[in-house]
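Novice: First, the structure itself, so that you have it in front of you.
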Amino acid sequence: MRKVIYLTVYLIALALGPVLAVLGLVMHFYAATAFGVIWFLVLLGKLLFAIKDGREFKALMDKYKQMNFGWYKATYPNHAHANGVSCHSCGGRRIHVRSLREHTYTREHFCTQCGTALYYSPEN
């Protein structure tokens, strides 16, 4: 619901730019025209960047969901065994976990010896 309200307000604000530009032309108040055009272009640019960032975030989250422990075990069967997990890059056995933050709610399991990210798991 919050996103719908935010998007509605944003689209109304976006529509104000052309309205100001046309009114400025009709009333021969060219500063309002310039302001309306700039207003519209800035908000349109912000909207396009937000869409691009959303797509990048979705792709990143898809990567985190795909590269889970099951994926690691299937891809590197010699490095996921009964004694634990080892690094597929250097063979190191010291695997640590860190939170990735930035609203991903994901943990990265990585090798402390070489720094290679092995797989990801959701925070619970």
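Novice: Go through the range 1-75 and tell me which helices (runs of 4 or more DSSP H), entirely inside it, have 3 or more residues that are of a type outside the set (Ser, Thr, Tyr), within 20 Å of Thr106 (Cα to Cα) and open to solvent by less than 80 Å² (accessible area, probe 1.4 Å). Break it down into steps so the answer makes sense when it comes.
Specialist: Numbers: elements: 2-26, 30-66, 69-75.
In the range 1-75, 30-66 are the helices (runs of 4 or more DSSP H) which contain 3 or more residues that are of a type outside the set (Ser, Thr, Tyr), within 20 Å of Thr106 (Cα to Cα) and open to solvent by less than 80 Å² (accessible area, probe 1.4 Å).
Novice: Next up: Of Cys114, Cys87, which residue is modelled with pLDDT of 95 or more, surrounded by 14 or more Cβ atoms within 10 Å (Cβ to Cβ) and either at positive phi or not in a strand (DSSP E or B) (or both)? Give the steps one after another, and end with the answer.
Specialist: On the way: Cys114 fails: surrounded by 14 or more Cβ atoms within 10 Å (Cβ to Cβ).
Being modelled with pLDDT of 95 or more, surrounded by 14 or more Cβ atoms within 10 Å (Cβ to Cβ) and either at positive phi or not in a strand (DSSP E or B) (or both) holds for just one of Cys114, Cys87, which is Cys87.
Novice: Looking at the range 1-24 only, could you name the residues that are under 28 Å from the mean Cα position of the chain (by Cα) and aliphatic (A, V, I, L, M)?
Specialist: Selection gives Met1, Val4, Ile5, Leu7, Val9, Leu11, Ile12, Ala13, Leu14, Ala15.
Novice: Can you work out which of the residues in the range 90-108 that are of a type in the set (D, E, K, R) and open to solvent by 50 Å² or more (accessible area, probe 1.4 Å) is nearest to Gly54 (Cα to Cα)?
Specialist: Residues of the range 90-108 of a type in the set (D, E, K, R): 93-94, 98, 101-102, 107-108.
Then keep just the ones that are open to solvent by 50 Å² or more (accessible area, probe 1.4 Å); that gives 93-94, 98, 101-102, 107.
On the way: Arg93: 36, Arg94: 34, Arg98: 24, Arg101: 16, Glu102: 13, Arg107: 20 Å.
Only one residue tops the list, namely Glu102.
Novice: Scan the range 90-108 for residues that are under 20 Å from the mean Cα position of the chain (by Cα) and part of a strand (DSSP E or B) and jot them down.
Specialist: Start the filter on the range 90-108 by keeping residues that are under 20 Å from the mean Cα position of the chain (by Cα), which leaves 98-108.
Result: Arg98, Ser99, Thr106, Arg107, Glu108.
The values are calculated or read from the model by the stated rules, or taken from the named source; none is laboratory data. Just so it is clear, the structure is predicted and the values come from calculations on it, not from any experiment. For neighbour counting, all protein chains shown are included, and Cβ atoms are generated from backbone atoms with ideal geometry for every residue, glycine included. Note: areas computed on protein heavy atoms with side chains; ligands, DNA, RNA excluded. Shrake-Rupley method; radii C 1.70, N 1.55, O 1.52, S 1.80 Å.
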